[in-house]
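Remarks on the structure that follows.
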């Protein structure tokens, strides 16, 4: 049964994090009462605190909470909610959920269940696109029903490379690029397993892979009265592993002719399938050609860039359509003014293969509201686990031109600091400041395959001022003398001595295995050391979570955190962690860790493929770890014998936990030593 559209007063938001907060904000502005739902891990979360009421769904695992249709409908019943907004992710593109909402007599803020069923599957959506006259990417027919089957060889009609895609989902999950026939079987098996875990459906599709194309999508809106409009397009070409990183509107590189083709095709597709509410039609643009990719039957993560350039509130319009009202404007009323760019903040380590991260953010500082819009759910003290998607926030900036928007977003990321939890903020800043992005030369393979993109994924050199600033701060902490900034580590110590000038304060720091020594003059603020200098540093202003310093006449704004073992200095969005060698106990003897294979990210053990006593070769897969719906193979570091397999499938591992110990063959470690 399709959920009917009719007025409602109370809205349940069946999601968490930043999108739940985003929906709650627009619902409140529309005069609606809001109901949040939460798992045990989210009981104190921001979206729970901001809603008018909240209902517990269940334990932390998504399958028992946010993915439980029964639990969500129960929450709607006990709270008196009359409508449900699914946000994105979780149940947002599940046709059975949309149908269940309708059967419960509630309004589903999204398209009809039958439309979700058709367009939520890439294989069925292709058929709709073909009927609507929308060009599609050529695909391999691997079986009679068009479903990829790993037991059959590839039909090479479209040639290699090809892309393996989960038919039932999106977000880059269940996708693999295959460049040669021998790689296909492993890619199909891995994608099938990942698709089953992410979407509960392991059906796959194989299409020709178009390299170096642009990912351009069109936002559409349709009401119950026959009106279908587009809100122009967005460019989402900056991706890694098919996961979007930076998005912008309008698309900077397409012609007006291509724009018209994209927008008219998107509207035709929406009409063909009988669409209603907000949706996004995604295309690949390559060499002036346009190919349909898929349709997302929900609100997109990147919807804020469209809101900034059109002045429209997409969530408010979703609620209006769901209530049965007509769209308050026509196609000719939709105008684009200026440019907007969004950067996605993930809890991941971009300089270690984008591995998901978990932990507690001790300090979170977002840019000023006048600088950028922030859609986020991370605050100081927030704990991030691997139970959910690693997206923690989005930072969006606009301007009259693309270059103005880019500069504003770079400045906004400069003001951002996340300490205690590893994120990609500094990486985002580097991408946006790069000449390739400035000239709009990026494409969908840029970060994964292009040499320039690969260089962008390398850890940059530590800024010259980081170590002197860290030394200056530690000298103040050591001195423990306060003046104007009372009870602050940034107070000025006078270093007074009975005879002679003030004593300089020695500080040692270690970064990337190199130790540097510094001398800090407590009176003048002059910093000299083996790592450079001299620099004169003085305090300009200190806020609650940031400090402004005068470094040789240049004002630098930073966030600084000092603890017993290290000092963290955040510059240009990147936290630089410098060790305090004198605060550490003696390190382990060299070579002891080389026998161990540790968890490079917190996660769940999917498989253990060896047992103690097995002989293994360098690079052989020992087991597979999963976190935030991403799989990572744990491989043998050298030839040898498995001495220990310290986990079983289903175990939850922390970062750095020893999973395997491989006793090397005689002489292996010595040969590998520098």
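Those residues that are crowded, with 17+ Cβ neighbours inside 10 Å, modelled with pLDDT of 75 or more and either out of contact with any helix residue (DSSP H, G or I) (no Cβ under 8 Å at 6 or more places or on another chain) or not in a strand (DSSP E or B) (or both), I need them from region 658-674; list them, please.
659, 660
Among residues belonging to region 82-99 that are part of a helix (DSSP H, G or I) and surrounded by fewer than 22 Cβ atoms within 10 Å (Cβ to Cβ), point out the one that is farthest from the chain's Cα centre (by Cα).
Among those residues, the one meeting the criterion is 99.
What pairs can you find where one residue is in region 310-321 and on the phi > 0 side of the Ramachandran plot, the other is assigned to a loop (DSSP other than H, G, I, E, B) and modelled with pLDDT of 95 or more, and their Cβ atoms are less than 8 Å apart, with a gap of 6+ or different chains?
Going by the 8 Å Cβ cut-off, the qualifying pairs are 311/337.
If you check residue 405 against the conditions, is it in contact with a strand residue (DSSP E or B) (Cβ under 6 Å, 6 or more places away or on another chain), buried (at least 22 other Cβ atoms within 10 Å of the Cβ) and part of a strand (DSSP E or B)?
So residue 405 fails the test.
Just give me the residues in region 468-507 being at pLDDT 90 or above and over 27 Å from residue 544 (Cα atoms), in sequence order.
506
If you scan region 323-367, which residues turn out to be more than 29 Å from the chain's Cα centre (by Cα) and either in contact (Cβ under 8 Å) with a residue 40 or more places away in the chain or crowded, with 23+ Cβ neighbours inside 10 Å (or both)?
If the condition is that a residue be more than 29 Å from the chain's Cα centre (by Cα) and either in contact (Cβ under 8 Å) with a residue 40 or more places away in the chain or crowded, with 23+ Cβ neighbours inside 10 Å (or both), then 323, 324, 325, 326, 327, 329, 330, 331, 334 are the ones that fit.
Give me the pairs: first residue in region 180-200 and free of Cβ contacts under 8 Å to residues at least 12 places away in the same chain and on the phi > 0 side of the Ramachandran plot, second residue part of a helix (DSSP H, G or I) and buried (at least 20 other Cβ atoms within 10 Å of the Cβ), beta-carbon distance under 7 Å, and six or more apart or on different chains, which are they?
none
Consider residue 183 against the criteria (1) within 19 Å of residue 445 (Cβ to Cβ); (2) at pLDDT below 80; (3) over 22 Å from the mean Cα position of the chain (by Cα): it satisfies all of them except one. Which criterion is unmet?
Failing condition for residue 183: (2).
Given 226, 274, which one is free of Cβ contacts under 8 Å to residues at least 40 places away in the same chain, over 23 Å from residue 453 (Cα atoms) and over 29 Å from the mean Cα position of the chain (by Cα)?
One residue alone meets the criteria, 226.
Give me the residue from region 188-212 that is at pLDDT 80 or above and within 16 Å of residue 626 (Cα to Cα) and, out of that set, surrounded by the fewest Cβ atoms within 10 Å (Cβ to Cβ).
189
Identify the residue in region 238-250 that is assigned to a loop (DSSP other than H, G, I, E, B) and at pLDDT below 95 and, among all such residues, is surrounded by the most Cβ atoms within 10 Å (Cβ to Cβ).
Restricting to residues being assigned to a loop (DSSP other than H, G, I, E, B) and at pLDDT below 95, the top hit is 242.
Only one of (1) in contact with a helix residue (DSSP H, G or I) (Cβ under 6 Å, 6 or more places away or on another chain); (2) more than 30 Å from residue 355 (Cβ to Cβ); (3) crowded, with 23+ Cβ neighbours inside 10 Å fails for residue 279. Which number is that?
So residue 279 meets the others, but not (1).
Kindly establish whether residue 220 is assigned to a strand (DSSP E or B) and over 29 Å from residue 428 (Cβ atoms).
Answer is no for this residue.
Which of the residues spanning region 620-631 are in contact with a strand residue (DSSP E or B) (Cβ under 7 Å, 6 or more places away or on another chain) and at pLDDT below 75?
Hits for region 620-631 are 627, 628, 630, 631.
Going through 263, 253 one at a time, which residue ends up being within 18 Å of residue 440 (Cα to Cα), in contact with a strand residue (DSSP E or B) (Cβ under 7 Å, 6 or more places away or on another chain) and outside any strand (DSSP E or B)?
Within the list 263, 253, the selection yields 253.
Just give me the residues in region 6-47 being over 17 Å from residue 393 (Cβ atoms) and in contact with a helix residue (DSSP H, G or I) (Cβ under 6 Å, 6 or more places away or on another chain), in sequence order.
If the condition is that a residue be over 17 Å from residue 393 (Cβ atoms) and in contact with a helix residue (DSSP H, G or I) (Cβ under 6 Å, 6 or more places away or on another chain), then 11, 12, 13, 14, 26, 30, 34, 35, 36, 37, 38 are the ones that fit.
Can you tell me which of (1) modelled with pLDDT of 90 or more; (2) crowded, with 19+ Cβ neighbours inside 10 Å is the one residue 256 doesn't meet?
For residue 256, the exception is condition (2).
Pull up region 574-614, narrow it to residues that are modelled with pLDDT under 90 and under 30 Å from residue 433 (Cβ atoms), then point me to the one that is surrounded by the most Cβ atoms within 10 Å (Cβ to Cβ).
601
The values are calculated or read from the model by the stated rules, or taken from the named source; none is laboratory data. Just so you know, these numbers come straight off a predicted model, no measurement behind them. Here Cβ is always computed from backbone atoms with ideal geometry, including for glycine, and neighbour counts include all displayed protein chains.
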